[in-house]
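Inspection log for the structure reproduced underneath, given as structure tokens.
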Amino acid sequence: MDQHIKNLVCSLKQGDKGAFDGIYELFHKKIFLFCRKYGLAESDAEEITQEVFVKLWLSRTMLDSEKNLNSYIYKISKNIIIDEFKKKIKLRATQEYQMSLIVPCNNVQEDMDYKDLKNMLDETLLDLPERRREVFELSRIKGLSHKEISDELGISTKTVENHLNLALHTFRDALQKTNVLSIVLALILLFN
């Protein structure tokens, strides 16, 4: 890494906004093009580029001027891009699932089983303690990561994991009271 970038990193660690602006000028266009290379729309690429620099600013005190800043910034970019793709996949799966609910069943018994199961799952969800239900909905319905839920609710990621595990355990217990076909349908509902 050249001396100019090392100096910028040292200044950035001290909270120097001018150093941050200098790093931004050096890397902004590169990161934007890196995002576009992954097929992201211009607006998404710009948003991710901004997020990269927000994360860089927030983690500035942990930077090491001896390590390659270029690699660090690209690693942040890649992780954000991967997270963005995961969100889009979850959103698409949720939308496809919701569309499948609109398509009527051909089999009356299947339709009744499905409605009974959906009612049972809805009741089980409503019976969960408020925080557990909130964590479950953010994870399984909105598709947020444990870290995003943790940040949004102001709780630790371990607490998020515990709430999800307990919620899934509650659903499993409720499902054990139903037949095998219902269990399969419920698993599809829970994990899509």
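General remarks:
- Residue order, fewest to most beta carbons within 10 Å, for LEU91, LEU175, LEU153: LEU91, LEU153, LEU175
- Here the residues GLU47, GLU96, ranked from fewest to most Cβ neighbours within 10 Å of their Cβ, fall in the order GLU96, GLU47.
- Ranked for footprinting exposure by Cβ neighbours inside 10 Å, fewest first, TYR38, TYR114, TYR97 give TYR97, TYR38, TYR114.
- Modelled spin labels at ARG172 and SER65, positioned 7 Å past Cα toward Cβ, are 5.3 nm from each other.
- Rg over Rh, two decimals, segment 3-88 (C-alpha only, Kirkwood Rh): 0.98
- Karplus-derived 3J(HN,Hα), 6.51/-1.76/1.60, for each residue of segment 137-142, Hz, glycine and proline x: 5, 5, 6, 8, 9, 8
- Each principal axis of the Cα atoms in segment 41-98 has its own extent, and those three values, largest first, are 50, 19, 17 angstrom.
- Segment THR157-GLU51, length gained on full extension (0.36 nm per residue, minus Cα span): 36.1 nm
Computed from the coordinates by the stated procedures, all read-outs in this text should not be read as laboratory data. Small disclaimer: the values here were computed from a predicted structure and weren't measured. All Cβ positions, glycine included, derive from the backbone under ideal geometry; neighbour counts span all protein chains shown.
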